[in-house]
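Take a look at the structure below.
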Amino acid sequence: METEKSRKYEYTTLLLDMDGTFLDFEAAEKSAFMTAMTRHSYPAGEGEYACYQRINHGLWEAFERGEIDKPTLLSTRFGRLFDALGLKGDGAAFEREYQALLGEGAQLIEGAEEMLSYLAEGHALYVVTNGVERTQRNRLRLSGIDRFMTDLFISEAIGWQKPQKEFFDCCFERIPGLDRSRTLIIGDSLTSDIQGGFNAGIDTCWFNPKGKKKPEGFGRTGEREAHRDLEITSLYELKRLL
């Protein structure tokens, strides 16, 4: 992926992932998890949280591959956690409580508001997220960054999810005068955002603040020279690129 820091690219449409890119999902998730577990007098340490993350991550990957649907993901993850920890509880009811707490998590990634204000001056900004619709809308509202967005594309409402091509086809149908050659997706997930950009035939920008290495063999297949695949480690770099 390109890492140029001084060249500006002429895009008109930006598709923006939220969790882990502009919204600090890790902080919101951990706070909601710990609060919900404590309310029920369940153990709420780093080990329990790590166990939940493993289960949750695996289910989200299966969802992105189209192997399970969103209701299955949401209705089973805490039941699986309770089984793994040897706890008794209603996983579906706990999920509802967790979602309510998660919806209050409006923490932002460093530089998010400043960069969105800058980007909104010369680009149409669209949210593209696989999150739960009611939770995501509430978090965007509470954070105040919804004011920068032209529209919100949420998988639960669309019926497809990132990285599926159909998700992006539905988004593009709702964007007036879309020019794919001047459209860029920005996100932190290689499997969801960047692979989604590959599938949609648009340029990508990987937000990689932890300096992770791409898995062996990961990349765009076909028409590589026709697209740019950028990489940044800080949102502030967007000001030099866009």
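Across region 169-186, which residue is farthest from Ile232 (Cα to Cα) among those that are buried (at least 21 other Cβ atoms within 10 Å of the Cβ) and more than 14 Å from the chain's Cα centre (by Cα)?
Checking each candidate, the answer is Cys171.
Residues to consider are Leu81, Leu101; find the one that is more than 21 Å from the chain's Cα centre (by Cα) and surrounded by 16 or more Cβ atoms within 10 Å (Cβ to Cβ).
Among Leu81, Leu101, only Leu81 is more than 21 Å from the chain's Cα centre (by Cα) and surrounded by 16 or more Cβ atoms within 10 Å (Cβ to Cβ).
Being more than 26 Å from Ser117 (Cα to Cα) and exposed (fewer than 13 other Cβ atoms within 10 Å of the Cβ) is the filter here, so list the residues in region 187-217 that pass it.
Lys212, Lys213, Pro215, Glu216, Gly217
Could you grab me the full set of residues in region 31-71 that are open to solvent by 40 Å² or more (accessible area, probe 1.4 Å), among the basic types (Lys, Arg), part of a helix (DSSP H, G or I) and closer than 13 Å to Asn130 by Cα?
none
Filter region 114-128 down to the residues that are over 17 Å from Phe168 (Cβ atoms) and out of contact with any Ser or Thr (no Cβ under 7 Å at 6 or more places or on another chain) and list them by number.
Glu114, Met115, Leu116, Ser117, Tyr118, Leu119, Ala120, Glu121, Gly122
Give me the pairs, please: first residue somewhere in region 16-35 and at positive phi, second residue anywhere and assigned to a helix (DSSP H, G or I), beta-carbon distance under 8 Å, and either six or more positions apart or on two chains.
Close Cβ pairs satisfying both conditions: Gly20/Glu26.
The values are calculated or read from the model by the stated rules, or taken from the named source; none is laboratory data. Quick caveat, the model's predicted, so the values are computed rather than measured. Cβ: placed from backbone, ideal geometry, glycine included. Neighbour counts: every protein chain shown. Areas reflect the complete protein model, heavy atoms only, side chains present, ligands, DNA and RNA absent. Shrake-Rupley method; radii C 1.70, N 1.55, O 1.52, S 1.80 Å.
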